[in-house]
2 protein chains.
Amino acid sequence: MNMEPAQFILRPGDIDALVYGASFLGSGGGGDPYIGRLILKQEMEARPALPVIDPSAVPDDANIIGVGAVGAPSVLIERLPNIDSLMYALERAERHSGGKIDAIVPIEAGGLNATLPLAAALRAGLPVVDADGMGRAFPETQMMTFSIHGYAASPLFLVDDYGDCAIIETKDNAKTDRWIRPLIDAMGGAAMAAAYPLSGAMLKASAVRNTISTQLGIGRTVYAARREKRDPVNALIRHFRDHKDQPRFAARLFTGKVSDPKISIEGAFNIGEVRIADMQNPDDICKITVKNENLIARRRGKVLAIVPDIITVVDADDAEPITTENLKFGQRVEIIALAAPDVLREPRALAVLGPRAFKLKYDYTPLEELHGSK
Amino acid sequence: MNMEPAQFILRPGDIDALVYGASFLGSGGGGDPYIGRLILKQEMEARPALPVIDPSAVPDDANIIGVGAVGAPSVLIERLPNIDSLMYALERAERHSGGKIDAIVPIEAGGLNATLPLAAALRAGLPVVDADGMGRAFPETQMMTFSIHGYAASPLFLVDDYGDCAIIETKDNAKTDRWIRPLIDAMGGAAMAAAYPLSGAMLKASAVRNTISTQLGIGRTVYAARREKRDPVNALIRHFRDHKDQPRFAARLFTGKVSDPKISIEGAFNIGEVRIADMQNPDDICKITVKNENLIARRRGKVLAIVPDIITVVDADDAEPITTENLKFGQRVEIIALAAPDVLREPRALAVLGPRAFKLKYDYTPLEELHGSK
């Protein structure tokens, strides 16, 4: 397969910005950025250049596959992601398809799941596509643009820490998810996965584009603001609003102190609710409902932001994103929201990954409407 | 693959005897004999001759695979076993191995799991081997002579009612079992399976032999006794004792009325305890502990029989075996025990399928020692 030349080369100096951006888009999920950064730094010591290709440069008949970690994010902190297992998932998928894999696409954005596919691509000597299947992180297998376009997650390969493998072949991506959850539990709460084998044509029809460059743009904006002692959150909001290709609405929702993070592991998900209280007036509380990711932020009964729009909690001091499993009592934080990519706001997408898909008793309202501004 | 001529041809007239024998060996498990009989009768209407080959006639390089139903027996009564799904498991296994399957071996004895492999063999136009992996029924995947000889259950194929499939590839058969249980639950409590791909040489080294002919012998003995108005249980005990090739000890353990069958579905198993009370003296109780199969029979603290020896409850009137999920309050029953095949009584077998493998607080004592006779 002849890919066109890479759009750009990702280098070790890009890692910090990339991980910041991925973690911001993770919406509280997508895995721990500290671990994601470590893994990518380690891989890039031996292989310091990763070709990133634009989806438009991928031939229609190329073989692409998504890879990443699945399971409860809090388990993936205690049991470090096993890159050998991830490589085995990739190898097993290639052997199963009978054709060579030409490029890797991340399944989602997030501190860990944006870096694991890059680590795998580096090790396999493959390019990575500047795209993903979510443009953020979501908890379930079928909550992907690939699935919304009718493409199968199957065959899906799950590999545990010992290189043992389960292969799921269904005609229904939601069923695939229902099958892998108890299996991931039996594997210890997390596993490495390869899924969504796509042709280049399928990828181009369905992927969220520019995910890697978007992550780099977010990270570089924040790092520049920090260097220049400007407010990173204001810089980010302007960066999204003024983006020349893809302007997006973003807003600061709330500032306060984490008063009561109740997150537990249920069915290989992190489930719970986080309360953040105003520093001056502790009765003024913003509540965030969590299923791996932040799904809805409410204050005094009013919805501030709702899935699929991105809700990210950042440290009030340095604007570093904090994943839900890392929220601790007493942390001073800000809640930031960002409009989801347009493709996630279409009715057929909302049916799969909107509020009702999470059994929330709200319809989707775009962030910019909730905040009376565009 | 050139198999030697069949040892015998199984015909529709053999079904009743076969199902009786299979159900007797099922030790309370192995699935419902009524459904097993129906399925085999239906298949034999179209294809009334099934070649049964002796393991010794199987070439060393033949490809053999085990098939059957897995899950809680009580679910398999409400959701009839899907032969199309079983055929898909077989077909998927063949495609996965890349080589043609030459013969089918039943995974266990039992009213349903002794007939499903024959139905699949008939439909696939394959012979069935006169053997199995248990010589009785057991609840878990690794509780098989194939496993005890070190052969992998993997790749194991599970197919649900919709033809969707999960393939398990592990290096550890007990892990395979831990993975498939929650998966079977997610599939609705039961699934069709193909597992233990074996060469002819592996089969000959590890299988329990003569399982089908043993079943026929048991069934014919009982049917003859019924016809001649002799006591079927006495006839069976003599049949086992006087068998010219494989004499086995058998005993009548207890006669009474089912007073309290407590069987529930837990983790895709039938789990519980059954109490059977003496008709004259209701305080004289025999308790049977169940995990799909009858594991131990105790009376006044004394062990009457213990796994892997076979414990079967039969109707006191006609000696028809009653599977655990079909036990009802008030049934008049007899409890019969039969020595397990020698291969299940070896130390390496007892480690996997003896009392301690079921967390029973007893060591194995052979049935003939418990009854002071040989």
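The values are calculated or read from the model by the stated rules, or taken from the named source; none is laboratory data. Remember, it's a predicted structure, so these values are computed and weren't measured experimentally. Heads up, the Cβs are rebuilt from the backbone with ideal geometry, glycines too, and the neighbour counts pull from every protein chain shown. Just the protein is used for accessible areas: all its heavy atoms, side chains included, with ligands, DNA and RNA removed. Shrake-Rupley method; radii C 1.70, N 1.55, O 1.52, S 1.80 Å.
Laid out as a table, the results:
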| read-out | value |
| --- | --- |
| So B:Thr115, is it farther than 23 Å from B:Lys204 by Cβ, more than 14 Å from chain A (Cβ to nearest Cβ) and of a type in the set (S, T, N, Q) | yes |
| Some residue of the stretch B:54-62 being open to solvent by 20 Å² or more (accessible area, probe 1.4 Å), within 16 Å of the chain's Cα centre (by Cα) and not hydroxyl-bearing (Ser, Thr, Tyr) | no |
| Among (1) under 23 Å from B:Ala349 (Cα atoms); (2) part of a strand (DSSP E or B), the one test that B:Ile263 misses | (1) |
| Count - residues of the stretch B:143-193 that are more than 10 Å from chain A (Cβ to nearest Cβ), surrounded by fewer than 23 Cβ atoms within 10 Å (Cβ to Cβ) and over 23 Å from A:Ala190 (Cβ atoms) | 8 |
| Cβ pairs under 8 Å, 6+ apart, first in the stretch A:272-284 and closer than 13 Å to A:Thr255 by Cα, second buried (at least 16 other Cβ atoms within 10 Å of the Cβ) and among the acidic types (Asp, Glu) | A:Asp284/A:Asp278 |
| Test result for A:Leu38, in the same structural domain as A:Pro197 (by TED's automatic domain parsing), in contact with a helix residue (DSSP H, G or I) (Cβ under 8 Å, 6 or more places away or on another chain) and either modelled with pLDDT of 95 or more or not β-branched (Val, Ile, Thr) (or both) | no |
| One residue from A:Ala351, A:Ala337 being within 12 Å of A:Ser27 (Cβ to Cβ) and not basic (Lys, Arg) | A:Ala337 |
| Search result, residues across the stretch A:246-255 that are touching a residue at least 24 places away in the same chain (Cβ under 8 Å) and either out of contact with any His (no Cβ under 6 Å at 6 or more places or on another chain) or farther than 9 Å from A:Ile335 by Cα (or both) | A:Gln246, A:Arg248, A:Phe249, A:Ala250, A:Arg252, A:Leu253, A:Phe254, A:Thr255 |
| Flag if B:Leu126 is away from every other protein chain (no Cβ under 14 Å) and surrounded by fewer than 24 Cβ atoms within 10 Å (Cβ to Cβ) | yes |
| Test for B:Ala89: is it under 17 Å from the mean Cα position of the chain (by Cα), of a type in the set (A, V, I, L, M, F, W, C), buried (at least 21 other Cβ atoms within 10 Å of the Cβ) and modelled with pLDDT of 95 or more | no |
| Members of the stretch A:266-313 found to be in a loop (DSSP other than H, G, I, E, B) and either within 23 Å of the chain's Cα centre (by Cα) or within 25 Å of A:Gly189 (Cα to Cα) (or both), listed by number | A:Gly267, A:Ala268, A:Asn292, A:Val307, A:Pro308, A:Asp309 |
| Strands (runs of 3 or more DSSP E) (entirely within the stretch A:7-123) containing at least 2 residues that are in contact (Cβ under 8 Å) with a residue 40 or more places away in the chain and farther than 30 Å from B:Arg95 by Cβ | A:8-10, A:50-53 |
